[in-house]
1. Under 7 Å between Cβ atoms, which residue pairs at least 6 apart in sequence (or on different chains) link something in segment 134-153 that is surrounded by 16 or more Cβ atoms within 10 Å (Cβ to Cβ) with a partner that is of a type in the set (D, E, K, R)?
2. Within the group R79, R134, R67, R145, which residue is out of contact with any Pro (no Cβ under 7 Å at 6 or more places or on another chain), modelled with pLDDT of 95 or more, under 23 Å from L20 (Cβ atoms) and among the charged types (D, E, K, R)?
3. Filter segment 213-234 for residues that are among the small types (G, A, S) and either in a helix (DSSP H, G or I) or outside the structural domain of Q179 (by TED's automatic domain parsing) (or both); which is surrounded by the most Cβ atoms within 10 Å (Cβ to Cβ)?
4. Could you look through segment 48-99, keep only residues that are in a helix (DSSP H, G or I), in contact (Cβ under 8 Å) with a residue 24 or more places away in the chain and among the small types (G, A, S), and pick out the one that is surrounded by the fewest Cβ atoms within 10 Å (Cβ to Cβ)?
5. Pairs under 8 Å by beta carbon, first residue farther than 13 Å from A62 by Cα and assigned to a loop (DSSP other than H, G, I, E, B) in segment 1-19, partner modelled with pLDDT of 80 or more and among the hydrophobic types (A, V, I, L, M, F, W, C), six or more apart or different chains?
6. When you go through (1) out of contact with any Leu (no Cβ under 9 Å at 6 or more places or on another chain); (2) free of Cβ contacts under 8 Å to residues at least 40 places away in the same chain one by one for I175, which number turns out not to apply?
7. Any idea which residue in segment 20-41 is surrounded by the fewest Cβ atoms within 10 Å (Cβ to Cβ), counting only those that are in a helix (DSSP H, G or I) and touching a helix residue (DSSP H, G or I) at 6+ places or on another chain (Cβ under 6 Å)?
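The values are calculated or read from the model by the stated rules, or taken from the named source; none is laboratory data. Just so you know, these numbers come straight off a predicted model, no measurement behind them. Virtual Cβ from ideal backbone geometry, glycine too; neighbours counted across all protein chains shown.
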Amino acid sequence: MASPIPKTTAFLTVEEYRKLINTNFQKEISEGQLYDSRDLQRFNENDPYTLMFVQHGQFGTALDEGRALRVFNGAMSWRKRHNVFDISSSEIPAEYINRHAIFFKNHDKYNSPLLHFVVRLMDKGKDDKEAIKRLITYTLEQHIREHPGQKVVILFDMSETGIGHMDYELVKFIIGSAQNFYPGLLSYMLIYKMPWLLSAAWRIIKGWLSTEAEQFVKFVDEKSITEYVSPDQLSPAMGGTAATN
């Protein structure tokens, strides 16, 4: 039986949250240095996008105002520092895009898109980490622009993965993106066929997760993954019947 999918609560309306943010960060916003004005415009005008911030990390019975403020400041300042609003596929070497190691395909049983990370296609000794981080950001950014408010399932395909593929820096960046840079985006995370030899990796990765975030991680194999994803949404390599192209 599938473990429950974590649920967050919106203790504020979108307008109440915007008022909280614009009041508490009035100085930073007016100075125009910490945040990108275009990000602020989207935050103030796009309700589904703002709702992702409202819900992120709110697991208690009352609003955690400190967390609500940190979520906004952390994500928006990161976006400004890394010029995320202007990100383009032209920045990313074609070899990383064409490798097809990071891509959206199909949906889970709750109709959330599946974002695949095929770990065996990574080479931690040769890959340009910054270019791959940019590809990850570009992929996430395109999703929220096209589907604001829609959560995603991150599917780490660990099948046939060896030590030479496992780049902790990239895994940490993916987790950081889900926890901090793209609030409210993650529905949950599936770890598919974690090799026994890499089981120690989980102990390292676990240290990067907040206590609440641990419940978002589901370890699955060819059989148990169907508790979350129907066979017609899985590739034959995962025991499914979905088309591979």
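1. Pairs found: R134/E91; V153/D108.
2. R79
3. Result: A213.
4. S89
5. Listed by first residue and then by second, the contacts come to P6/F216; T13/V54.
6. Result: I175 passes all but (1).
7. For segment 20-41, the residue satisfying everything is R38.
Results for (1) assigned to a loop (DSSP other than H, G, I, E, B); (2) assigned by TED's automatic domain parsing to the domain that holds P148; (3) more than 22 Å from V118 (Cβ to Cβ); (4) in contact with a Cys (Cβ under 6 Å, 6 or more places away or on another chain), shown as yes or no for each residue.
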position	(1), (2), (3), (4)
F173	no, yes, no, no
S177	no, yes, no, no
P183	yes, yes, yes, no
Y188	no, yes, no, no
S199	no, yes, no, no
R203	no, yes, yes, no
W208	yes, yes, no, no
T211	yes, yes, yes, no
